[in-house]
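Asker: Below: one structure in structure tokens.
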Amino acid sequence: MERRYKRFPILRKELHIDENKERECKEFEKRIFFLMAAVYCRDNHAAKENKVTAADLDFPEDIHNWLLRNKRRANYKLCPECYELIQNAFRHTEKCPHSYYKTFCHECPTPCYRKEEQAKMLPIMHHSGKRLIKEHPIYALNFARNLIKNNSLIRKHTKSNGGIA
Ligand SMILES: [Zn+2]
């Protein structure tokens, strides 16, 4: 994996972080990660045994309810490894101090994933990133919109501070 330029600085101390908005960011992050992992598991782990329908798996209540609101989401099947990965990602998302303005995890100045963990996440992003545009366009669109918004927020902020980064 090539080294990526760390794009976002730590803005938490300098920004007013709206807690409700931050919660929404975290929820969205979890949802989009679930979709990416589900698509990845469907396409790459079709032959794996012990796959369980997402609706029957143990997820945080908000995610569980979100899954049940849509048949396609609820019916995604996950292998134990991908389920574990999703649970793990959710834990990181909950603890992430950058949710309000972040772009990509791999661009984070204070990564919370160990190298081995990150190595498992990246193939999912690469495989499912483009597929989401077709399969879950609203989520892909919102993801892109957040990215643009957050990038401009970071740019604006680093400019006014004489350019951290
Ligand atoms: Zn899988």
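Asker: Being modelled with pLDDT of 95 or more and over 25 Å from Ser152 (Cβ atoms) is true for just one of Leu122, Leu132, Leu67. Which residue is that?
Answerer: After ruling out the rest, the residue left standing is Leu67.
Asker: Within region 2-10, can one find any residue that is more than 21 Å from Glu84 (Cα to Cα), of a type in the set (Asp, Glu), surrounded by fewer than 13 Cβ atoms within 10 Å (Cβ to Cβ) and modelled with pLDDT under 95?
Answerer: yes
Asker: Within region 54-82, can you find the residues that are within 13 Å of the ligand (Cβ to nearest atom) and not hydrophobic (A, V, I, L, M, F, W, C)?
Answerer: Tyr76, Lys77, Pro80, Glu81
Asker: Has region 37-54 got any residue that is among the acidic types (Asp, Glu) and under 15 Å from the mean Cα position of the chain (by Cα)?
Answerer: no
Asker: Ok, one more. Being more than 21 Å from Ile86 (Cα to Cα) and either hydroxyl-bearing (Ser, Thr, Tyr) or part of a loop (DSSP other than H, G, I, E, B) (or both): is that true of Thr158 here?
Answerer: Yes: the conditions hold for Thr158.
The values are calculated or read from the model by the stated rules, or taken from the named source; none is laboratory data. Note that the coordinates shown come from a computational prediction; the quantities given were computed from them, not determined experimentally. Backbone-built Cβ (ideal geometry, glycine too); neighbour counts: all protein chains shown.
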